[in-house]
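Colleague: Here it is, the structure, as structure tokens.
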């Protein structure tokens, strides 16, 4: 009888340990997903600001009497090359800033991957808003 008691005691400890580890793992995954979405939003916002500023710049330059159209084309090409370089460096920096054990959770390797994930996030947000649910970061950041 006493052996059965000890068996139950250690079994209970093992089950507690297992449930605790699973809960911690789930919290880590949720944390990484929340940080991932916030990072993608920040990158998207920076891109949006860049597009706005360059659009305003070219509207000004095209209507400037001192600037010819060929020079504006050259500037646009230079800015486009700079933007592509910025996109690559941003994605590389994002991937390299994440610890190696969590890099798989990013699920991105290119700029288009980030934009696709951001689009999926915003679609989830809109779906939740239109259903009348209160929007919480934890509800939206859950994977599929």
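Bear in mind that the values in this text are calculations on the coordinates, not laboratory data. The model shown is predicted, which means the values in this text are computed figures rather than measured ones. Heads up, the Cβs are rebuilt from the backbone with ideal geometry, glycines too, and the neighbour counts pull from every protein chain shown.
Colleague: Where in segment 72-107 does the label zone of residue 51 land, with the point 7 angstrom along Cα→C-beta and an amide N cut-off under 20 Å?
Modeller: Hits in segment 72-107 for residue 51 at 20 Å: 76-92.
Colleague: In nm, what is the difference between 0.36 nm times the number of residues separating residue 41 and residue 89 and their Cα-Cα distance?
Modeller: 15.6 nm
Colleague: How far apart, in nm, are two points set 7 Å out from the Cα along the Cα-to-Cβ line at residue 112 and at residue 60?
Modeller: That separation, rounded to one decimal, is 3.4 nm.
Colleague: While we're on this one: List 102, 25 from most exposed to least, where exposure is judged by having the fewest other Cβ atoms within 10 Å.
Modeller: 25, 102
Colleague: Using only the alpha carbons of segment 35-140, determine the length spanned along each of the three principal axes and report them from longest to shortest in whole angstroms.
Modeller: For segment 35-140, the Cα spread along each principal axis is 53, 38, 15 Å.
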